[in-house]
1. Only Cα pairs within less than 10 Å get springs; with that Gaussian network setup on the chain, which residue of V107, V167, V222 has the largest fluctuation?
2. Nearest-5 percent of antiparallel DSSP beta bridges in the chain?
3. Averaged per residue, what accessible area in Å² does segment 101-234 show with a 1.4 Å probe, protein chains only?
4. Could you look at segment 10-157 and say what percent of its accessible area is carbon and sulfur, using a 1.4 Å probe and all protein chains?
5. Going toward the positive end of the dipole of segment 84-211, with +1 on Lys and Arg Cβ and -1 on Asp and Glu Cβ, which of A117, V130, G199 do you reach last?
6. Quote the charge dipole size of segment 96-152 about the Cα centre in Debye, to the nearest 20; the model charges only the Cβ of Lys and Arg (+1) and of Asp and Glu (-1).
7. Testing the spin-label approximation: label points 7 Å from Cα along Cα→Cβ at D189 and E175. State their distance in nm.
8. For the chain, what value does the Rg/Rh ratio take when both radii are computed over Cα atoms and Rh is the Kirkwood radius, given to two decimals?
Amino acid sequence: MTERASDLEGRLREVQEEIAQAAARAGRSGDVRLVAVTKTFPADVVRAAYEAGQRLFGENRVQEAVAKAPLLAELEGIEWHLIGHLQTNKARQAAELFDMIESVDSVRLATALDERAGRRGIVLPMLLEVNVAREEAKSGFDPDTLLQAVGELAQLSHLQLRGLMTVAPLAADPEDVRPVFRRLRELRDTLREQRSLDGFDELSMGMSGDYRVAIEEGSTLVRIGRALFGERSR
Ligand SMILES: *Cc1c(COP(=O)(O)O)cnc(C)c1O
């Protein structure tokens, strides 16, 4: 094994251990999944992580994933989540490639994905991205519009609403964004109850800088790049 590969294996193990500890602090059992975010890294890096046992990967741009995933098609059980903003005109490619779209941020996009999934004869799992802190530069539903959006999306038969996702504001101290994570959990619980949604359980929240706090607040999917693969050059 190359030195680089064994480094990666060590970091994966470390992050998994941190995830388990954060879950234990919150009195939770093993229901947190690690999404290894491989954006900007080549297919070789994905393969090394796969060989170290990782199966679930996140990419934020369709074009990049379209180039990378076919090089890894022989890796059995590999799963891809889209975690970045998706333009409606890329809905077809996204519905063909990804196992889950975590970043659905409009009813219009969801409708386009539903149509594409329907043509493929599949049901596509998705999360609704929420701009919890209402930051100008960020995509995602305004928390106040979620209830109505979920009502409209429940009609779409080729999409499966699995939960919510958020990207917390940058913070020097992750404790500062704890309320954002808590709010996302409350939103999920409220929607699940008010709309009687079955299987609306996922909370994708937490990145390299803040995933421990996110897990303490109920995260089921942590999206981690830098802590596994190092700093990105872009
Ligand atoms: C890049 C990215 C991540 C991972 O961020 P790190 O700080 O590298 O862990 C998580 N979520 C989204 C939406 C991203 O674009």
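1. V107
2. Antiparallel bridges: around 0 percent, rounded to the nearest 5.
3. In whole numbers, segment 101-234 has 46 Å² accessible per residue.
4. 46
5. A117
6. Rounded to the nearest 20 debye, it is 220 debye.
7. For the pair D189/E175, the computed spacing is 2.3 nm.
8. 0.95
The values are calculated or read from the model by the stated rules, or taken from the named source; none is laboratory data. Note that the structure is a prediction, hence the values are computed from the model and not measured. Neighbour counts run over all protein chains shown; Cβ positions are idealised from the backbone, glycine included. With ligands, DNA and RNA removed, areas are computed over all heavy atoms of the protein, side chains included. Shrake-Rupley method; radii C 1.70, N 1.55, O 1.52, S 1.80 Å.
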